[in-house]
Amino acid sequence: MNTTPFTSGLSENAVTITRVADRQWHALDDDLVVGRGHAHHRPDGRLFVSIDAWHGSIFDRLAEAMLAELPAPLYTVVDEADVELTAGWRRAGFTFRRREWEYVVPTDPRVTGLEAVMPPAGVTIVPAGQADEGLLRAVDRAIRDEVEATVGWQSMPAEVLPRPEGDTIVDPSKYAVAAAPDRYLGLIRVVTVKRPRIGLLAVRSGERRRGIARALLAHALGTMHRSGFAAAWAEVQESNQAASALFEGIGAQPTSSNLELVR
């Protein structure tokens with residue numbers, strides 16, 4: 001356990017920065033926790049950090065203590081509207097890496113214009129919960145390898161769900177797929193906690209521009225609409241113009257943006 005004292009101005013007592021567990025730090029004013037820092041590995045192996053502090057001076061001291069012990073590179077994600085938090089990370093040496101837009105997506109096919117959308121000839125949509133797990137894992141692996149060989153999987157919207165080492169399919173029942181007779185061509189993952197979120201929509205590189213992604217989206221949104229959800233949510237990287245065009249073309253509206261920063 002490492003402890004670093006400094007005077008904060010919060011009280012007459014010294015505030016201490018203490019590492020309370022592996023990759024976890026607290027800022028203490030007497031026995032009061034006035035700030036917390038945490039680091040964790042995302043499924044793609046990158047190390048992300050977060051800090052919640054009462055004051056900017058506490059943030060800076062937590063960041064200093066954490067950065068002294070953690071290996072580079074380090075990443076963090078902030079709401080772009082949170083100017084104070086973004087400024088804190090910039091003071092700590094973090095710089096802009098990418099921006100993700102969060103979209104609210106209507107589900108009503110009369111609004112999206114997807115009511116009459118069908119998959120291309122020879123392709124069928126297999127609803128969530130009915131996909132063959134072996135074929136599902138095969139298409140997921142193939143798409144990830146294609147992305148990794150081009151823009152890199154780190155360019156995709158951040159995935160934060162915990163999973164067993166090496167397993168990229170958390171729950172096969174969450175995926176609907178586009179199927180050819182001998183293999184799957186694309187997939188869409190929808191996870192609903194308080195609201196439905198489209199976590200992944202992807203098609204094999206050789207099968208793109210055939211309307212498969214649009215057909216998967218039409219199926220998933222239609223299913224949500226029939227289940228009583230008026231809207232879904234999705235994150236799209238700013239540089240992914242094809243995905244932005246797909247969602248905006250069905251009436252999706254950007255509502256907020258997140259910045260990924262790196263040091």
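The values are calculated or read from the model by the stated rules, or taken from the named source; none is laboratory data. Fair warning: this is a prediction, and the values are worked out from it, not measured in the lab. Reconstructed Cβ throughout: ideal geometry from the backbone, glycine too, with neighbour counts over all protein chains shown. Heads up: the accessible areas ignore ligands, DNA and RNA and are worked out on the full protein's heavy atoms, side chains in. Shrake-Rupley method; radii C 1.70, N 1.55, O 1.52, S 1.80 Å.
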| remark: Flagged pairs (Cβ under 9 angstrom, 6 or more apart or on separate chains; first in region 48-76, closer than 12 Å to G35 by Cα; second modelled with pLDDT under 95 and of a type in the set (S, T, Y)) are H55/S8; S57/S8; I58/S8; R61/T4; R61/S8
| task | Kindly indicate whether G211 is more than 20 Å from R144 (Cβ to Cβ) and either of a type in the set (S, T, N, Q) or open to solvent by less than 60 Å² (accessible area, probe 1.4 Å) (or both). | result | yes
| message | Between a residue in region 127-147 that is under 18 Å from A213 (Cβ atoms) and among the hydrophobic types (A, V, I, L, M, F, W, C) and any residue that is open to solvent by 20 Å² or more (accessible area, probe 1.4 Å) and in a helix (DSSP H, G or I), which pairs come within a Cβ distance under 7 Å, given they are 6 or more apart or on different chains? | response | A128/S173; A128/K174; A131/P172; L136/P172; V147/W153
| task | Given the conditions (1) crowded, with 20+ Cβ neighbours inside 10 Å; (2) over 21 Å from the mean Cα position of the chain (by Cα), report the number of the one that M118 does not fulfil. | result | (1)
| query | Residues in region 86-107: is at least one over 20 Å from the mean Cα position of the chain (by Cα) and among the acidic types (D, E)? | reply | no
| Residue under evaluation P127, criteria (1) out of contact with any strand residue (DSSP E or B) (no Cβ under 6 Å at 6 or more places or on another chain); (2) over 30 Å from G37 (Cβ atoms); (3) open to solvent by less than 70 Å² (accessible area, probe 1.4 Å); (4) not hydroxyl-bearing (S, T, Y), criterion not met | (1)
| request: Only residues that are aromatic (F, W, Y) and either modelled with pLDDT of 95 or more or open to solvent by less than 50 Å² (accessible area, probe 1.4 Å) (or both): list them for region 22-77, please. | output: W25, F48, F59, Y75
